[in-house]
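Here's the structure, in structure tokens; my notes come after.
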Amino acid sequence: MKVMVIGSGGREHAISWKLAQSSKVDEIICVPGNGGTFNETKCRNIEPSECDYTTDVKGIDSYVQIAVYEQVDFVIVGPEDPLSEGIADQLWKCGIPTVGPKSAGASLEASKDVAKQFMQQHNVACAFSKTVTDIEEAHGYIEEKGAPIVVKADGLAAGKGVVVAATKEDAHKAIDDFMANKTLGDAGAKVVLEEYLQGVEISVLAAVSVTKESASSGKATILPFTTARDHKRLLDGAKGPNTGGMGAIAPVQDVSPEQWNQFMETCLNPTLQGMIAEKMDYRGFIFFGVMLTKEGPKLLEYNVRLGDPETQAVLPLMDFDFADLCVAILDLDNNGSLADFTCSWKKGFICAPVVVSSGYPAAYKKGYPISLDTNIINKNGATIFIAGGIQKDSNLVTSGGRVLACSAYGDTFEEAWKNSYGALEGVHFTDLFYRKDIGLPGAAESGSL
Ligand code: AMP
Ligand code: GLY
């Protein structure tokens, strides 16, 4: 099979790496890919702006042209933006099976208001909230409810659209920023004001196969993966500014079987029923951002894709063929649907700290050569997933804030932690920085202010 992976981050490197292990996959077209996929077996990067056959089109249209030109068997869409722009609808129209929801499903991430309406309508356990489009009404609601309160811009904002406000002043400022000063453009024109939830967070990634046919045959499925946890704050002890993710672990040991069952009952199953009721054509992945509160698990958000950096911790634990999983999600030949698929997992743990450029998430420098000492990395059984790194001549050089994740396995979490941090001794570039406490007690965001 020939598979196309859209995206350029660490998640897409991990997806391509896992696909490459499948004997059924001959070639992986990475659009545009990065320095990690450039060096990965079976992978070929294609930069749309450098293709002579995509000169008349830009953005998702160029991705569709590449998929058609390359005659790929299916496409996996990594990030949310092309999904919200309707790339899955377009690819299916061209006859190209696509792992990633069509636009109706994609709006569960593209609009916080749509997501909240969906949760409320289908009885998904979540925080109480109110959507506002009028700035005075927003200020009035904050005065009425007080702080802490969470202010969420409705649209996609690359992780900058949520303010957990400890004081009313912070909440009012967020409203002024989003709605009056338009710091996020149109994404902040509508705002969701949400009850503040206290607890610890987990991420549940899952495969989804919901179509008209599977809904009527009773085979519509959301198949959850092993649990994971991201660490979003920049500094040890969950301090400092929010980032795109400073490291992930899987599975999470502090989720009790009771909490898991509650999650299935009050978050996952109602989501599946909601997708069926709304007749969504959703074949892809979904990410449940969950707060484990005293009253039980509550859904903070959906992402309509795999999480980054959780993917870099979850995929290495998969003891099954990722291409088989994608074929089951797509249910192409109606033999072996996702409802019949069993995920088997390696027994141990993954710790995957992320290495960033100093200065991130604010300004940082790019273009430093990345040196990877394979002896040290291999001795610790680690895999490096490149995020912000590109191949320039014969060098891998930094090109982003989050540069790479160092993902290592261990039979126990302690061993995984030791292996990943041991392997990091073999990773060098100028001014690198990483958290030292990924997965340790006190490292998780607690939801407390
Ligand atoms: P998001 O950008 O939507 O992933 O949200 C960013 C972070 O904001 C989440 O990972 C949580 O840590 C926090 N958050 C979102 N909603 C709430 C809430 N209702 N209560 C407390 N924290 C929240
Ligand atoms: N780790 C959360 C995300 O992918 O947005």
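The values are calculated or read from the model by the stated rules, or taken from the named source; none is laboratory data. Just so we're clear, the structure is a prediction, and the values are computed from it rather than from any experiment. When we count neighbours, we look across all protein chains shown, and the Cβ atoms used for this are built from the backbone with ideal geometry, even at glycine. Only protein heavy atoms, including side chains, enter the accessible area calculation; ligands, DNA and RNA are left aside. Shrake-Rupley method; radii C 1.70, N 1.55, O 1.52, S 1.80 Å.
A few remarks follow.
- Per-residue ellipticity at 222 nm, computed for the chain from helices alone with -39500 (n - 2.57) per DSSP H run of at least four residues, works out to -7500 deg cm²/dmol.
- Cα-projected label distance for residue 27 with residue 104, points at 7 Å along beta-carbon direction, nm: 3.6
- In the context of the full set of protein chains, residues of the chain present 41 Å² of accessible surface per residue (probe radius 1.4 Å, heavy atoms only).
- Trypsin sites (Lys or Arg not before Pro) lying in DSSP loop within segment 166-227, provided at most 16 other Cβ fall within 10 Å: 182
- Distance in nm between pseudo-label sites at residue 411 and residue 39 (7 Å out along the Cβ direction from Cα): 3.1
- Heavy-atom accessible surface of segment 243-292: percent carbon and sulfur, 1.4 Å: 51
- Remark: for residue pairs 152/279; 93/212; 18/347; 24/212; 152/298; 58/102, the C-alpha separation exceeds 24 Å in 152/279; 24/212.
- Segment 295-414 - percent of accessible surface contributed by carbon and sulfur, probe 1.4 Å: 47
- Once you reduce segment 51-102 and segment 201-231 to the center of their Cα atoms, the two points are 23 Å from each other.
- Within segment 352-433, the trypsin sites (Lys or Arg not before Pro) that combine a DSSP coil assignment with at most 14 other C-beta atoms in a 10 angstrom radius are 365, 366.
- The gain in end-to-end length when the residue 121 to residue 212 segment is fully stretched comes to 30.8 nm, 0.36 nm per residue minus the alpha carbon separation.
- Signed unit charges on C-beta, dipole axis of segment 312-400, positive-most listed residue 327, 312, 391: 391
- Sparsely packed chymotrypsin sites (Phe, Trp or Tyr not before Pro) within segment 92-163, loop by DSSP, other Cβ within 10 Å at most 16: 128
- Förster radius 56 Å - calculated FRET efficiency between residue 358 and residue 94 (Cβ-Cβ, nearest 0.05): 0.80
- Amide hydrogen proximity for residue 404: with H placed 1.01 Å from N in the peptide plane, the residues at 5 or more positions away or on another chain lying under 5 Å are 355, 387, 388.
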